[in-house]
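Asker: Got a structure for you, written out below as structure tokens; questions coming shortly.
The values are calculated or read from the model by the stated rules, or taken from the named source; none is laboratory data. Keep in mind that what you see is a predicted model, and the values were worked out from it rather than measured. Here the Cβ positions follow ideal geometry from the backbone for every residue, glycine too, while neighbour counts run over all protein chains shown. Just so you know, the surface numbers come from the protein's heavy atoms only, side chains and all, with ligands and any DNA or RNA stripped out. Shrake-Rupley method; radii C 1.70, N 1.55, O 1.52, S 1.80 Å.
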Amino acid sequence: MEEIIKIPKVKICGITEEREAEFLNEGKADYAGMVFYEKSRRNISFIQAEKLIRCLDAEIGKVAVAVNPTLEFAKEAAQRGFDLLQVHGNIEKKVRENSPIPIWRAVNITDADALHAFFEEEEKAGMEGIIGYVADGMGYGGGRPFDWKGLCVNVRKQLKGKQLILAGGLTEQNVKEGICCFLPDIVDVSSGVEEEGKKSRAKIIKFIRKVREHEQ
């Protein structure tokens, strides 16, 4: 019997312009990520984010991507219209327990030992407030995948039933491999759909189409 591969949802991360929001509408993306991190070239303000949110179709989930966010940030993100908080770096206990919107927790994966240590700490801290984990490359925004084949079993084993969001170095060329390897709930792309640092309409459409070819 042929194995049935589930179709993951698609998150396009790091949008900064209203025209990019329109690309997501056209491609029927499932999630739009907006980055709040001063060191990122994709960094935006809440005022800019509100304009982008108004441009996005209502069906597209809005994700606030932040590094070491405070509870005050989480509350403002919710007030501004975000549906999810994606946390990179550290997460305070009060954010984990009191965020008004669900949390995706990112982990930068280097090797199996580091991955195991990360999830040991997560279990101690309490995973109840986290609905999904972003399996990311070695460095935030680095645009490079980790060792998929060597670590895919370890990643799935650690999740404890949480959503898996596969990120880090995804492109139209390798996303099918990533889907087959991890069976993720969501695939998350940013630099892989850019040209000269800006989101490309053609690349976004092609990426989403490639993901959904599994439906045929």
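Asker: Within the chain, what whole-number % of the accessible surface is contributed by carbon and sulfur, with the 1.4 Å probe and all protein chains included in the calculation?
Answerer: Result for the chain: 46 percent of the exposed heavy-atom area is carbon or sulfur.
Asker: In addition: Can you tell me the accessible area per residue over the chain, all protein chains present, probe 1.4 angstrom, in square angstrom?
Answerer: For the chain, the per-residue accessible area is 49 Å².
Asker: Where a Cα-Cα gap under 20 Å defines reach, which aspartates and glutamates qualify for Lys75, not counting those fewer than 8 residues away within the same chain?
Answerer: List returned: Glu38, Glu50, Asp83, Glu92, Glu97, Glu128.
Asker: On to the next question. Per residue of the chain, what 222 nm ellipticity follows from adding -39500 (n - 2.57) for every DSSP H run with n ≥ 4, rounded to the nearest 500?
Answerer: It lands at -11000 deg cm²/dmol.
Asker: Scan around Gly61 for amide H atoms under 5 Å from its own, H built in the peptide plane at 1.01 Å from N, and keep only partners 5 or more places away or cross-chain.
Answerer: Close amide H contacts, sequence-distant or interchain: Tyr31, Ala32.
Asker: Okay, next question. Which lysines does Lys149 reach when only Cα atoms under 26 Å apart count, and residues fewer than 8 places away in its own chain are ignored?
Answerer: Correct list for Lys149: Lys6, Lys9, Lys11, Lys157, Lys160, Lys162, Lys176, Lys203, Lys206, Lys210.
Asker: Mind listing the phi-derived Karplus ³J(HN,Hα) values for region 18-35, rounded to whole Hz, using 6.51, -1.76 and 1.60 with θ = phi - 60°, and x for any glycine or proline?
Answerer: 5, 5, 5, 4, 5, 4, 5, 4, 5, x, 6, 5, 8, 9, 10, x, 10, 9
Asker: Continuing with the same structure: Would you mind pulling out the separation of the Cα centroids of region 72-92 and region 164-216, in Å?
Answerer: Measuring centre to centre over Cα atoms gives 24 Å.
Asker: Here's a follow-up. Decide, for the chain, between rounded, prolate and oblate: order the square roots of the alpha carbon gyration tensor eigenvalues as a ≥ b ≥ c, take rounded if a/c falls under 1.5, and otherwise choose prolate if a/b is larger than b/c, else oblate.
Answerer: Since a/c reaches 1.5 but b/c is at least a/b, the shape of the chain is classed as oblate.
Asker: Turning to a different aspect of this structure: For the peptides 122-134, 179-191, what is the packing order when you average, over each peptide's residues, the other Cβ atoms within 10 Å and list the highest mean first?
Answerer: 179-191, 122-134
Asker: Tell me, what ³J(HN,Hα) does each residue in region 99-113 have, in order and in whole Hz, if you take phi through Karplus 6.51 cos²θ - 1.76 cosθ + 1.60 with θ = phi - 60° and put x for Gly and Pro?
Answerer: Result, rounded to whole Hz: 4, x, 10, x, 10, 9, 10, 8, 10, 7, 9, 10, 7, 5, 5.
Asker: Could you give each residue of region 158-174 its phi-based ³J(HN,Hα) in whole Hz, using Karplus coefficients 6.51, -1.76, 1.60 with θ = phi - 60°, and x for Gly or Pro?
Answerer: Per residue, the Karplus-derived 3J(HN,Hα) values read 7, 6, 6, x, 7, 5, 10, 10, 8, 9, x, x, 6, 9, 4, 6, 10 Hz.
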